[in-house]
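Below is one structure, written out as structure tokens; the observations come after it.
The values are calculated or read from the model by the stated rules, or taken from the named source; none is laboratory data. Since this is a predicted model, take the numbers as computed values, not measurements. Note: ideal-geometry Cβ built from the backbone for every residue, glycine included; neighbour counts use all protein chains shown.
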Amino acid sequence: MGVFCLSAIALPLLVAIISAVHGCPPSDREALLVLSSSLEDPYLGIFDSWKGTDCCSNWYGISCDPTTHRVTDVSLRGESEDPILHKNGRPGSGFMSGSINPSICQLNRLTALIIADWKGIAGEIPQCVVSLPDLRVLDLIGNSLSGKIPEQIGNLQKLTVLNLADNKISGEIPSSLVQLSSLKHLGLSNNLLTGEIPANLGNLKMLSRALLSRNQLSGTIPSSIGKMSRLADLDLSINKLWGQIPKELGNMRVLSTLNLDSNMISGQIPSVVLANTGLGILNLSRNSLEGEIPDVFGPKSYYMALDLSFNNLKGPVPRSISSAKYIGHLDLSHNHLCGSIPVGSPFDHLEASSFDSNDCLCGNPLKTC
Ligand SMILES: *[C@@H]1O[C@H](CO)[C@@H](O)[C@H](O)[C@H]1NC(C)=O
């Protein structure tokens, strides 16, 4: 009887104490509730799970530090395999509108802020995110965010992923960006960025992917990029870049994809770039490149795609290209090339369209010489 009484009173008390100890701090909970009140989720009801005092337990997309119970991750992805996304009838694709409330910055132990692929989320990136000292991942891809990249973004010394692609972000790339010494992935593609690529972008020593395509970036390609020894993927396509291709890009050991297409790049293709045997995809299409195609292919050349179309290249198709190990997709069309097309295994599968609209090319797959 006595034991029963004790447990009848003590158990609920104990539960209350435990959940208070293990729950998130009220200020973190409050910051999340303000965030959710400025986002509109008309289809999925994600924020229906954001109820109760403990934001660390079963709040969709929220993770906490197991010891301090501070919120460490806000991860809301509109395109994923998550079953919650199958509710709106279009599996794998979500929609939200509203904006990202600066209340997020009160979560000052945040390591990941991912609010991605919701299409309709607009407004600016809160400037105060630069004061989140532990932030490692800032991924806001696929929304309708406008305004500028926060000027002091370089403060985020632990940042490894900065992905703001597919938004409406304008203004220039802040010069402080080159101070992000831990950055591995930079995604700024498909925005409205103007101005030049910072000349010392090459300071980003840890960077493995730099994706800046489909903006209005102007000026020249910084030769400092050649110092990025871990860079595997460089995409500067569909901008307004001019000047020459820096020969420094030819010395990059792990560079495997180089897309510079649809710019206003001029001069000759540096031999060292074409001879960089690590390159598997090279797209220089739709520029103003001139001179001859360097005759520097060899048995280690292995191109999944080599697109030099729509330039002012002249002279022959280089003989050495027939010694390449593999050329999957070759496009030399819309240039001023002339002469006989080499024979060899890389050419066996190519169609006439690879050589279309040149001055006087001949031989298989075109008419015989
Ligand atoms: C190269 O870039 C051009 C223009 O931006 C594009 O049309 C073409 O499909 C690209 N080539 C390859 C092989 O991806």
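Once region 201-236 is narrowed to residues that are in contact with a helix residue (DSSP H, G or I) (Cβ under 9 Å, 6 or more places away or on another chain) and either of a type in the set (Ser, Thr, Tyr) or at pLDDT below 95 (or both), the residue that is surrounded by the most Cβ atoms within 10 Å (Cβ to Cβ) is Ser224. Regarding Ala122, is this residue within 19 Å of the chain's Cα centre (by Cα), surrounded by fewer than 19 Cβ atoms within 10 Å (Cβ to Cβ) and either more than 15 Å from Asn155 (Cα to Cα) or modelled with pLDDT under 95 (or both)? Against the criterion (within 19 Å of the chain's Cα centre (by Cα), surrounded by fewer than 19 Cβ atoms within 10 Å (Cβ to Cβ) and either more than 15 Å from Asn155 (Cα to Cα) or modelled with pLDDT under 95 (or both)), Ala122 does not qualify.
Within region 303-348, being touching a strand residue (DSSP E or B) at 6+ places or on another chain (Cβ under 6 Å) and among the basic types (Lys, Arg) holds for Lys314, Lys325. In the set Leu180, Leu212, only one residue is within 16 Å of the ligand (Cβ to nearest atom) and among the hydrophobic types (A, V, I, L, M, F, W, C); that residue is Leu212. Criterion applied to Ser266, Ser262 was being within 26 Å of Asp166 (Cβ to Cβ) and without any contact (Cβ under 8 Å) to a residue 40 or more places away in the chain, and the one residue passing it is Ser262. Among the residues of region 307-352, just one is within 16 Å of the ligand (Cβ to nearest atom), hydroxyl-bearing (Ser, Thr, Tyr) and at pLDDT below 95, namely Tyr326.
Within region 89-124, the set of residues being in a loop (DSSP other than H, G, I, E, B) and either touching a helix residue (DSSP H, G or I) at 6+ places or on another chain (Cβ under 9 Å) or of a type in the set (Lys, Arg) (or both) comprises Arg90, Pro91, Gly92, Ser93, Gly94, Phe95, Ile100, Asn101, Leu107, Asn108, Arg109, Leu110. Scanning region 226-242 for residues that are in contact with a strand residue (DSSP E or B) (Cβ under 7 Å, 6 or more places away or on another chain) and not in a loop (DSSP other than H, G, I, E, B) turns up Asp233, Leu234, Asp235, Lys240, Leu241, Trp242. Taking each residue of region 49-65 that is on the phi < 0 side of the Ramachandran plot and among the hydroxyl-bearing types (Ser, Thr, Tyr) and looking for partners that are part of a loop (DSSP other than H, G, I, E, B) and surrounded by 13 or more Cβ atoms within 10 Å (Cβ to Cβ) with beta-carbon atoms closer than 8 Å, six or more apart or interchain, yields Ser49/Trp59; Ser49/Tyr60; Thr53/Gly23; Ser57/Gly23; Tyr60/Trp50; Ser63/Cys56. Only one entry in Pro198, Pro174, Pro133 is more than 26 Å from Ser223 (Cβ to Cβ) and modelled with pLDDT of 95 or more, namely Pro133. When Val254 is tested against (1) in a loop (DSSP other than H, G, I, E, B); (2) among the aliphatic types (A, V, I, L, M); (3) within 16 Å of the ligand (Cβ to nearest atom), exactly one condition is not met: (3).
I'm checking my understanding of the structure. Among residues of region 264-280 that are part of a loop (DSSP other than H, G, I, E, B) and away from the ligand (no atom under 16 Å from the Cβ), which one is farthest from Phe355 (Cα to Cα)? Break it down stepwise before answering.
Of the residues in region 264-280, the ones part of a loop (DSSP other than H, G, I, E, B) are 268-270, 275-280.
Now restrict to residues that are away from the ligand (no atom under 16 Å from the Cβ): 268, 270, 275-278.
Numbers: Gln268: 19, Pro270: 21, Ala275: 21, Asn276: 23, Thr277: 23, Gly278: 25 Å.
Here the residue is Gly278.
Looking across region 22-42, the residues that are modelled with pLDDT under 95 and loosely packed, with under 14 Cβ neighbours inside 10 Å come down to His22, Pro42.
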